[in-house]
Amino acid sequence: MLAEKALVALTALKRLESERGLGVHEGTTDQVRCALEAAGILFIESGQGRGVMFLHETSGTETRQARVRRVRSPT
């Protein structure tokens, strides 16, 4: 589904996901990033590392506030 949304070939997406560091065109990487960002994923980079943040609700069964409380819980 991601390959379809990003308008890239499935083989190109598999190369991008490969743990062997297979090369892909920069345009392919950009298209995949744009598709993920359009789906509500924000890429974060700081002095402590890299990560992602989900900007939109992904589940109707759990509210955003409930997830925030769960993340902040000390246990």
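Bear in mind these aren't lab numbers, they're just calculated from the coordinates by the rules spelled out. These numbers were taken from a predicted model, which means no experiment stands behind them. Every residue, glycine as well, gets a Cβ built from its backbone with ideal geometry; the counts of neighbours run over all protein chains shown.
What the phi angles of segment 3-16 give under the Karplus curve with 6.51, -1.76 and 1.60, with θ = phi - 60°, is a coupling list of 4, 5, 5, 8, 6, 10, 5, 4, 5, 5, 5, 4, 5, 5 Hz, glycine and proline written as x. Computed from label points 7 Å out along Cα-Cβ, the spacing between residue 42 and residue 2 is 2.0 nm.
Taking amide H atoms as placed 1.01 Å from N in the peptide plane, the amide H of residue 41 lies under 5 Å from those of 55, each 5 or more residues away in sequence or on another chain.
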